[in-house]
Each structure stands twice: as C-alpha cells, then as structure tokens.
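The values are calculated or read from the model by the stated rules, or taken from the named source; none is laboratory data. Bear in mind that the values here come from a model prediction, so they are computed numbers and not experimental data. Cβ atoms come from the backbone with ideal geometry, glycine included; neighbour counts cover every protein chain shown.
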Amino acid sequence: MSNNIPYKTYLSEDEIPSKWYNVRADMKNKPAPLISPATGKPLTLEDLNPIFCEELNKMELDNDTKWFDIPEEVLSFYKMYRPSPLTRAYFLEKALGTPAHIYYKFEGNNTSGSHKLNSAIAQAYCAKKQGLKGVTTETGAGQWGTALSMATAFLGLDCKVYMVKCSYEQKPFRREVMRTYGASVTPSPSDTTEVGRKILAEHPGTTGSLGCAISEAVEAAVTNDGYRYVLGSVLNQVLIHQTIIGLETQAALKKLGVKADMIIGCAGGGSNLGGLATPFIGEMLRGEADYKIIAVEPASCPSFTRGKFAYDYCDTGRICPLAKMYTLGSQFIPSANHAGGLRFHGMSPILSQLYHDGLFEARAVEQTSVFEAATLFARTEGILPAPESSHAIRATIDEALKCKETGEAKNIVMGLTGTGYFDLVAYEKFNSKTMSDQLPTDEELNEYLSRLPKVD
Ligand SMILES: *Cc1c(COP(=O)(O)O)cnc(C)c1O
C-alpha cells in the first residue's frame, strides 16, 4: 500500500450528503428549454403535470436552485446501500504497471445492480407524496425497471413496466426480479394499449423497441387514474438525483486528502456521468479547480463524438418532448451486434450544453476493447463489471497506460456504475470470439441527422 491510502474509503452514514446539486445554477449558458411536440413552445408545468409527477417537474424546469434537500425518507432508503465505497484499484494499477492512482466509485452494490436506484427511489417518493397509486415506465435491458420495482415495493406503490419484447424473452431473470418486487411486467408491444395494438397490427411479430415501450408506458400513465410516467436517465431531475455519487466522491477524496486530476465515466443518457462529474464541473464553473473529465461512449452509438447538437425527439415514437442535445437522430438504432448497452440516440441536455461549452471531452470506444478491459478488471479487482461501466474502465486503463509512458502519478477517478451478472450473453459472445465491432458509416449517420426536426 502506498501513501497510506486504504483500499476502500467509506463515509459514515452521517456523512452521506443531505442535498442534491443542480449544476444549472452555476452554468452561465443554461441548457435550452424542452419543447412541447404539440405546441412547438417551451414546456410548462401545465404541459408536464398530466404525464410526470409534480415535484419532479418543478425540479426539471428549475435552472436556479443550486441545492435540493434530499427528503428524509429517501435518505433513509439510501442508507440501505449507501454510502458506496470509493476503492483504490491497487490490483489493477499493479497489473498495468502504472504510476497512476486509480480510484473507482462502485454503484453496483444493491440488488438492481446499478446506480439507477438512486433516482428510482427519489422519483417513487415524489409519486407517493403526490398521493398516486402507481407509476409506469419502460425498460430495455431491465436495469431501470428493476431499480424502480425495488423503490415502488418499498413505498407500497404499484409499478407497471413495459419491457421491450425481445429483452422480455431473452432476459427472463431480470423480469423475475421485477416480479418478485411486485411489478407487473408486460412485453412491449402489447395489446394492453391502443398504441401497442396499432403497432402489433402494422408489424405483426415485431420484437419491439425502446421507443415503442415508451409510447405504451406514457399511454398507460395518462389513461389510468392515479398513475404517472417516470424515466430513468436523460432528464435533468435524474441527473440531479445522481449527484449523490459525485458529492460522496468529493467527500471521500477530501477525507483522503487526494485531489482528482481526471474523472472518467460512461455515457448512455448521461445520468451517472452527470451525477459523478457535475459537482466537480461546478468547481470548474466557479473557477475553484480544474479537472480533465472524459465521457466514454460506444463507437456504435456515438452521440457526443459523431452526433449533432440540435433539438430532437427523446423517443423513437416522437411523442416525448424535444430536447436540445447531442443526438444521432431519434430514428437511429445501433447495430444489432452491439452488445454493450448505452444505446440511447440522444444525451442529457445539461451534459450536452456543458460539452458544447468545452467543460469536458468525449471519446468513443469499440466493444471488443471494452470487454477486454472488463475482463482485466474482473480478474484484478474481483468485480464483474456491467458492459456499460466497462466503457469507463477502457478509457481509465488507456489513461493509466499513458501515465506509464510519461511517468506521471495522476489521480484518476472512475465511475463503476454496475455489475454484469445479467449481461452474460454479451460476455459469452466475447469469450467465444463471436463479438465484432460494427460502426455506423458517415452516410448512415448523415441520413438520420438529415431528418432532425426543424426548430427555431
Ligand atoms: C443505465 C446504465 C448506464 C447508462 O445510463 P446513464 O444514464 O448514461 O448513466 C450505465 N451503467 C449501467 C450499469 C446502467 O444500468
């Protein structure tokens, strides 16, 4: 052990932050407002309230409040699985022979296996406080649906999950975790909604898509009395809830007397990276410190690195609001052989604006190299990482190897968002060498990007 830094740094329960941070309050250039697909005008609370929970809508539209108190009930739920440890990756450092000091913040230490529970409990709490009966949502791979079902079970709310049909059939284990926590899980498209029946009539035998599951979940929320729709990433409120990750990391680093040089996280819709990095970006915006921050995305779904900063729909079905974000086009679907998650076509509007303003960089990595990194991490640090998290591992290893060349002992902090126990089909492809890298061509991307909605 060097520098007397322990393998694991835990905060005490009393040191769990009691507020969430809203980076928009420190941003000079605020993210552009969400736009209603119906009116073409900025969304108001009145537009949002029939679909989403009221408290959450206020948070969504609030560019000015810097700190939000974490409700006592949410804080006590957090104490079931938080604070999450900040671990020094001594074994990985040794395997790489790097002088860099690598730290990772592990968010997979709960049954849902990812950071998504941090927002699920906050959203379920708001639904409960509003006196609702339940919530509806969609889930693709299943992490969000699992997290939400845990949160609603805890608070005694009903939870209706529309799960993309091919995942419903191929991932029976996640489905059963959700059902164990009391959620009803419907394969989408289904005959339980009008939009589902329409899609089934037009495309018999379809295995579904996230866009279609969103449409069904929204319809179920607005047509069932006492229900609202909730979403697990991209939205400003989700990013705010996830700042518990970055605030805990800051507190742990402070305890250790360590100043981070680099912060690295994977980016799908941007919630974990935003949660980890925005408290640090806030320091940068206030001129208090400087960090190199890297968003890591899949080369097969490269929103930041090859997308356009423009207004676009958040869903394939084009019923959700339009957001100004880095996007590949709402009709973009990553290649079928992409196994590593992070498949959303757009990106958090907050992170998009910050990236546009040069506060962090982004890089795209190919999935075979991601699984190589995952394997090395599993063998050295013991944790079987989620494919999504492994994008951050890839970039962390690459940065640590650069330090080996330059001899610099940089402090690298990485977000390890979850575990990969339900992703063994992807690991199987990697292990049996049937995994390949298929990147979208410029022509393909231009085709989708040429179809972006016109908004002025
Ligand atoms: C959902 C998920 C992600 C990506 O979502 P973000 O909103 O970009 O954080 C990353 N890792 C894991 C384990 C996930 O479940």
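With respect to VAL455, determine if the residue is loosely packed, with under 13 Cβ neighbours inside 10 Å, in contact with a strand residue (DSSP E or B) (Cβ under 6 Å, 6 or more places away or on another chain) and over 26 Å from CYS166 (Cβ atoms). Please lay out each step first, then the result.
Details: loosely packed, with under 13 Cβ neighbours inside 10 Å: yes; in contact with a strand residue (DSSP E or B) (Cβ under 6 Å, 6 or more places away or on another chain): yes; over 26 Å from CYS166 (Cβ atoms): yes.
Here the answer is yes, as VAL455 does meet what is asked.
If you go through region 358-389 one residue at a time, how many are closer than 14 Å to ILE294 by Cα and of a type outside the set (Phe, Trp, Tyr)? Quick ask: steps written out before the conclusion?
Here is the first cut: in region 358-389, the ones closer than 14 Å to ILE294 by Cα are 358-365, 389.
Filter again for of a type outside the set (Phe, Trp, Tyr), leaving 358-359, 361-365, 389.
Count: 8.
Take the residues in region 275-302 that are part of a strand (DSSP E or B) and under 16 Å from the mean Cα position of the chain (by Cα), then tell me which one is farthest from the ligand (Cβ to nearest atom).
Filtering region 275-302 for residues part of a strand (DSSP E or B) gives 292-298.
Pick out the ones that are also under 16 Å from the mean Cα position of the chain (by Cα) and you get 294-298.
On the way: ILE294: 14, ALA295: 9, VAL296: 10, GLU297: 9, PRO298: 11 Å.
My answer is ILE294.
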Anything in region 303-313 that is of a type outside the set (Asp, Glu) and assigned to a strand (DSSP E or B)? List them, or say none. LYS308, PHE309, ALA310, TYR311, TYR313
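Within region 304-326, is there a residue that is within 16 Å of the ligand (Cβ to nearest atom) and farther than 17 Å from LEU351 by Cβ? Let's see the steps before the verdict.
At the first step, the residues of region 304-326 found to be within 16 Å of the ligand (Cβ to nearest atom) are 304-305, 307, 314-315, 320, 323, 325-326.
Filter once more, so that each one left must be farther than 17 Å from LEU351 by Cβ: 315, 320.
Yes: one or more hits.
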Considering residues of region 333-345 that are buried (at least 21 other Cβ atoms within 10 Å of the Cβ) and under 21 Å from VAL195 (Cβ atoms) only, the residue modelled with the highest pLDDT: HIS345
Restricting region 422-432 to residues that are in contact with a helix residue (DSSP H, G or I) (Cβ under 9 Å, 6 or more places away or on another chain) and away from the ligand (no atom under 16 Å from the Cβ), the one farthest from ASN337 (Cα to Cα) turns out to be ASN431
When you go through ILE333, ILE350 one by one, which is the residue that is within 14 Å of the ligand (Cβ to nearest atom), of a type outside the set (Ser, Thr, Tyr) and out of contact with any strand residue (DSSP E or B) (no Cβ under 8 Å at 6 or more places or on another chain)? ILE350
Residue list for region 78-126, filter: under 19 Å from ALA251 (Cα atoms) and acidic (Asp, Glu): GLU107
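What do you reckon, is THR419 closer than 28 Å to SER36 by Cβ and either modelled with pLDDT of 95 or more or within 16 Å of the ligand (Cβ to nearest atom) (or both)?
On the way: closer than 28 Å to SER36 by Cβ: no; either modelled with pLDDT of 95 or more or within 16 Å of the ligand (Cβ to nearest atom) (or both): yes.
So THR419 fails the test.
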List pairs: first in region 242-263 and touching a residue at least 40 places away in the same chain (Cβ under 8 Å), second within 16 Å of the ligand (Cβ to nearest atom) and among the acidic types (Asp, Glu), Cβ under 8 Å, 6+ apart or cross-chain? ILE245/GLU107
So which residues in region 104-116 are buried (at least 24 other Cβ atoms within 10 Å of the Cβ) and more than 10 Å from the ligand (Cβ to nearest atom), if there are any at all? TYR104, LYS105
Which residues, taken from region 225-252, are farther than 18 Å from VAL135 by Cβ, polar (S, T, N, Q) and within 14 Å of the ligand (Cβ to nearest atom)? ASN236, GLN242, THR243
